[in-house]
Amino acid sequence: MVITKQNIKEILHCRDVYAQKMIDFANGDQEKLKKLIDDKLKEKEERPAIVEY
């Protein structure tokens, strides 16, 4: 299955530009793009939220 910009936007809840940058970074390599998406999802889970006091 080919990962599209729309797929990335839905998975990561991001904007068009961010999704396009990820596609450009992967340079057409679908496996690299899958790993990048997985890494970003993991990062999103682990990163603490910004708390203002």
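In summary, the aspartates and glutamates within cross-link reach of Lys34, defined as a Cα separation below 20 angstrom excluding same-chain residues under 8 places away, comprise Glu10, Asp16, Asp24, Glu43, Glu45, Glu46.
Computed from phi, the 3J(HN,Hα) profile of the range 19-25 under the Karplus parametrisation 6.51, -1.76, 1.60 (θ = phi - 60°) reads 4, 5, 4, 5, 4, 4, 4 Hz, with x in place of Gly and Pro. Of the GluC sites (Glu not before Pro) found in the chain, those that fall in a DSSP loop while having at most 14 other beta-carbon atoms within 10 Å are Glu52.
Among the trypsin sites (Lys or Arg not before Pro) in the range 1-34, those placed in a DSSP loop whose Cβ has at most 13 other Cβ atoms within 10 Å are Arg15.
Only the coordinates and a few stated rules stand behind these numbers; no lab work does. Since the model is a prediction, treat every value here as computed from it, not as a measurement. In this analysis, Cβ positions are derived from the backbone assuming ideal geometry, glycine residues included, and neighbour counts consider all displayed protein chains.
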